[in-house]
Amino acid sequence: MALTSGDAYVGRTLELTGPRLLSFREAVAEISGATGRELAYIPVPARDYGDALVGFGVPPEEAEFLVEVFEGLLDGRNARLTDGVREVLGRAPRDFGDFVREAAAAGVWKG
């Protein structure tokens, strides 16, 4: 409702985060703990990912763009918390751990 009524958010970029910074490794560890399944995060260098994309037929220019995107995502320069959820929803953001426990209890990762 907040994003579809009025002009308060027209032309704005909203950055939405949870209440804490979380690495991919930490996120996978939380899922592993909640599901009781042994899971591991194995990072792949962005350049290797790009090479694999080209090997799968992705045009080199597109693969290079994706490599740049992932390098920017993974180098830490964007690691910050925002108050976007509170601004839009009027409440604190939900913690990833709470989401994981609820999803695991609902059977999301069974199979």
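Observations on the model:
- Surrounding net charge for TYR9, when Lys and Arg each add one and Asp and Glu each subtract one, Cβ distance under 13 Å: -2
- Cut-off 12 Å between beta-carbons: net charge of the residues surrounding VAL58, Lys and Arg +1, Asp and Glu -1: -4
- Estimated FRET transfer efficiency when R0 is 30 angstrom, pair ASP98-ARG12 (beta carbons, to 0.05): 0.65
- Computed over the chain: relative contact order in percent, which uses C-alpha pairs under 8 Å that are six or more apart: 40
- Long hydrophobic helices in the chain: the complete DSSP H runs spanning 20 Å or more by Cα along their own axis with mean Kyte-Doolittle hydropathy of at least -1.0 are 60-74.
- Descending Cα extents along the principal axes, the range 21-111, whole Å: 42, 37, 19
- Farthest toward positive dipole pole in the range 24-105 [+1 Lys/Arg, -1 Asp/Glu at C-beta], among PHE70, ILE31, VAL54: ILE31
- Structure-based [θ]222 nm, the chain - -39500 (n - 2.57) summed over DSSP H runs of at least 4, per residue, nearest 500: -14500 deg cm²/dmol
Only the coordinates and a few stated rules stand behind these numbers; no lab work does. Since the structure is predicted, the reported quantities are computational estimates derived from the model, not experimental observations. As a convention, Cβ positions derive from the backbone with ideal geometry for all residues, glycine included, and neighbour counts pool all protein chains shown.
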